Structure formats: C-alpha cells, structure tokens
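The values are calculated or read from the model by the stated rules, or taken from the named source; none is laboratory data. All figures in this text were calculated on a predicted structure; none of them were measured in a lab. Positions of Cβ are backbone-derived with ideal geometry, glycine not excepted, and every protein chain shown enters the neighbour counts.
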C-alpha cells in the first residue's frame, strides 16, 4: 500500500484520530494516551502500532515507559493531497460560477429584447 493510502487507513479510525489530536499537543506516554478511552491498554497499543506503521507517530522507551511523539511530516503528504484537490475544485467551481453568471446575464438580456 502506498504511503497516502496507509496514512488515510490509519486515520480512518476515530480512536486513532483522537490519539493523533492528543499528540499534536505534545508527546505522551501510552498510559496517558489510554486514559480517555474506555478500551483496554492492549487495544490502545494496537492502535499505536497502526499509527507507527503508518509513520504518523514514533515511540521511544523512556525508563519504564513508552513515550509517543507525533511525526507531523507524515501528515504533510495527506495535507498536500487534500490541498491539491481543494485547489482543483475551487478553481472548477469558480469557473462554473462565472459560466452560470454569464448564462444568467444572457438570459436576462434576451428577456429584455
């Protein structure tokens, strides 16, 4: 699977999105990340594994704990893809708006004749 597909697959789950949102505020231990969820610690670890495989986070051992860090550069690929498509659709919709405006003016001019 390509990196963009892997990123979106990892972000498809609301728990993983919440973890990414939390890590956007700063690094956290696995236990800190697990606190707000009503799921087991092994389930949180599985979510973290998916995020790590998608290169969205990195984990490091800190004494007895595992600390997680967001890798924002991995989100840039997804952001760039969205931005390119947003740009395309904005330009297309602006063109459609101009075309429809011209059509309305032509129709109004014909009515006045």
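Can you tell me which of (1) surrounded by 10 or more Cβ atoms within 10 Å (Cβ to Cβ); (2) in a helix (DSSP H, G or I); (3) under 28 Å from the mean Cα position of the chain (by Cα) is the one residue 104 doesn't meet?
Only one criterion is unmet by residue 104, namely (3).
Pairs needed: first member in the range 53-79, touching a residue at least 40 places away in the same chain (Cβ under 8 Å); second member anywhere, in a loop (DSSP other than H, G, I, E, B) and exposed (fewer than 14 other Cβ atoms within 10 Å of the Cβ); C-beta distance under 7 Å; at least 6 residues apart or different chains.
70/24
Filter the range 1-46 down to residues that are closer than 24 Å to residue 81 by Cα and assigned to a helix (DSSP H, G or I), then give me how many there are.
19
Condition first: within 19 Å of residue 42 (Cα to Cα) and modelled with pLDDT of 90 or more. Now tell me which residues in the range 57-73 satisfy that.
57, 58, 59, 60, 67, 68, 69
Out of the residues in the range 54-78 meeting the condition of being under 19 Å from residue 2 (Cβ atoms) and surrounded by fewer than 13 Cβ atoms within 10 Å (Cβ to Cβ), tell me which one is nearest to the chain's Cα centre (by Cα).
76
Looking only at residues that are in contact with a helix residue (DSSP H, G or I) (Cβ under 9 Å, 6 or more places away or on another chain) and exposed (fewer than 15 other Cβ atoms within 10 Å of the Cβ) in the range 19-31, which one is modelled with the lowest pLDDT?
Per the stated criteria, the residue is 31.
Every residue in the range 39-58 that is touching a strand residue (DSSP E or B) at 6+ places or on another chain (Cβ under 6 Å) and more than 12 Å from residue 19 (Cβ to Cβ), please.
Across the range 39-58, the qualifying residue is only 58.
So residue 95 clears everything in (1) modelled with pLDDT of 85 or more; (2) over 15 Å from residue 22 (Cβ atoms); (3) surrounded by 10 or more Cβ atoms within 10 Å (Cβ to Cβ) except one condition, right? Which one?
It fails just one condition, (1).
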